[in-house]
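Trainee: Below is a structure I'd like to ask you about.
The values are calculated or read from the model by the stated rules, or taken from the named source; none is laboratory data. Small disclaimer: the values here were computed from a predicted structure and weren't measured. Cβ placement follows ideal geometry from the backbone for every residue including glycine, while neighbour counts extend to all protein chains displayed. For accessibility, only protein heavy atoms count, side chains too; no ligands or nucleic acids. Shrake-Rupley method; radii C 1.70, N 1.55, O 1.52, S 1.80 Å.
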Amino acid sequence: MVEIKSQGATLPSGLTLHYHEAGVDNESTVVMLHGGGPGASAWSNFSRNIAAFAEEFHVIAVDQPGFGKSSKPTEHGQYFTHSANALNELFDALGVDKAHLLGNSLGGGTAVRFALNFPERAGRLVLMGPGGLSINVFAPDPTEGVQKLGQFAAPPGPTKEKLEAFLRTMVYDQSLITEELLDERFAAASAPESLAAMKAMGKSFSQPESFEEGLLWREAYKLRQRVLLIWGREDRVNPLDGALVALKLIPRAQLHVFGRCGHWAQLEKFDEFNRITRDFLID
């Protein structure tokens, strides 16, 4: 049985980051970064992955700023940069010199920004439908999933029905959207501090002085790490055609596509996902 610890660290910037930690005590660390949907957290995204990775790696699954049990600031710059800076502080606090980064959606964007801004601290990257890096060549914008995300907090306010509509765009296997999941995610997402943090995050992608920091595809050619792009063929949030530009631009990229899979490859295809990604990081 793998022991998974739940703990937090207060950083010099004043932020507190909560994280789950598990695994062998060695220098090979994997940091997991979750997506940005209402009520998301490290545990909600990676509960089926942490123990498997912990057999061979030191695993740190982080609640990004504004999510889970981490601080929920409402004044910050472009979110990918904001979260990457916080992660860099966490590395210092935990004595981690360098780590592989595994990021889903919003977390994929944070992972890329971290690798661009702190290249000496970033190992290999595993990016599942990453935000900011994908450009939809054929699919319309905003996508179905992004539209449903925007509707969640729109007047007259969040409801469990709107959350369910969003979460159902995340998966191919609709049985994953259970009442228990809806209750847990809605309780977290509808808290006033969570709503304020999500609003600030969304605003950060359109601030004139910093929004270009979120256009990660424009800097993708700078990545020197080996990168594994992972997509679900039925992804309705960041559709599969969004992988094409990243695959073209990143020098050391490869792409794996899961059929009968949506935006949560790490959950819908967790056994195969765990095997493929662990092999990629160890090879």
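Trainee: Ignoring ligands, DNA and RNA, what percent of the accessible area of the chain is carbon or sulfur (1.4 Å)?
Mentor: Looking at the chain in its full context, I get 52 percent from C and S.
Trainee: Using packing as a proxy for protection, rank 186-194, 70-78, 239-247 so that the peptide with the highest average count of other Cβ atoms within 10 Å comes first. List each step's numbers first, then the result.
Mentor: Working: 186-194: 16.1, 70-78: 17.9, 239-247: 20.4.
Final packing ranking: 239-247, 70-78, 186-194.
Trainee: From the protein chains alone at 1.4 Å, what is the descending order of accessible area for W43, W264, W217, largest first?
Mentor: The residues order as W43, W217, W264, largest area first.
Trainee: Relative contact order (percent) for the chain, with alpha-carbon contacts under 8 angstrom and 6 or more residues of separation? Could the numbers behind the result be given before it?
Mentor: Values: 601 pairs, mean separation 57.7, N = 283.
Normalised by residue count, the contact order of the chain is 20 percent.
Trainee: Related question: Does a label point 7 Å from the Cα of A154, set along Cα-to-beta-carbon, have any residues of region 129-148 with amide nitrogen under 18 Å, and which are they?
Mentor: From region 129-148, the list is 140-148.
Trainee: Per residue of region 187-203, in order, report the coupling 6.51 cos²θ - 1.76 cosθ + 1.60 (Karplus, θ = phi - 60°) as ³J(HN,Hα) in whole Hz, putting x for Gly and Pro.
Mentor: Each residue's phi maps through the Karplus curve to give 4, 6, 6, 8, 5, x, 5, 6, 5, 5, 5, 5, 4, 5, 4, x, 4 Hz.
Trainee: I've got another one for you. Just grab the label-to-label distance for A191 and Q254, each label 7 Å out from Cα along the Cβ direction, in nm (one decimal).
Mentor: In this crude label model, A191 to Q254 measures out at 4.0 nm.
Trainee: Please list the three semi-axes, largest first and in whole Å, of the ellipsoid equivalent to region 73-115, using sqrt of 5 times the eigenvalues of its alpha carbon gyration tensor.
Mentor: For region 73-115, the semi-axes come out at 17, 14, 7 Å.
Trainee: Amide H neighbours of L33 under 5 Å, counting only residues 5+ apart in sequence or on other chains, H built in-plane at 1.01 Å?
Mentor: So L33 has HN proximity to L102, G103, N104.
Trainee: Shifting gears a bit: Can you give the extra length, in nm with one decimal, that the chain gains between S206 and D173 once fully stretched, where that is 0.36 nm per residue apart less the Cα-Cα distance?
Mentor: Here the answer is 8.6 nm.
Trainee: Taking +1 at the Cβ of each Lys and Arg and -1 at the Cβ of each Asp and Glu, which of S28, A54, Y172 sits farthest along the dipole of the chain towards its positive end, judged by Cα position relative to the Cα centre?
Mentor: Looking along the dipole axis, the top candidate is Y172.
Trainee: For region 39-100, state what percent of all Cα-Cα pairs lands in each successive 5 Å bin, counting from 0 Å until the bin that includes the largest distance.
Mentor: 4, 15, 23, 24, 22, 9, 3, 1
Trainee: Shifting gears a bit: Taking every pair of distinct Cα atoms and averaging 1/r, then inverting, what Kirkwood hydrodynamic radius in Å comes out for the chain?
Mentor: 18.5 Å is the Kirkwood radius here.
Trainee: Across 5 Å bins from 0, what is the distribution of all Cα-Cα pair distances for region 1-114, in whole percents?
Mentor: Taking all Cα pairs of region 1-114, the binned fractions are 2, 13, 25, 27, 21, 8, 3, 0, 0 percent.
Trainee: Which ³J(HN,Hα) values, rounded to whole Hz and listed in residue order, are derived for region 150-155 from phi using the Karplus coefficients 6.51, -1.76 and 1.60 in 6.51 cos²θ - 1.76 cosθ + 1.60 with θ = phi - 60°, glycine and proline given as x?
Mentor: Residue by residue, region 150-155 yields x, 6, 4, 9, 5, x Hz.
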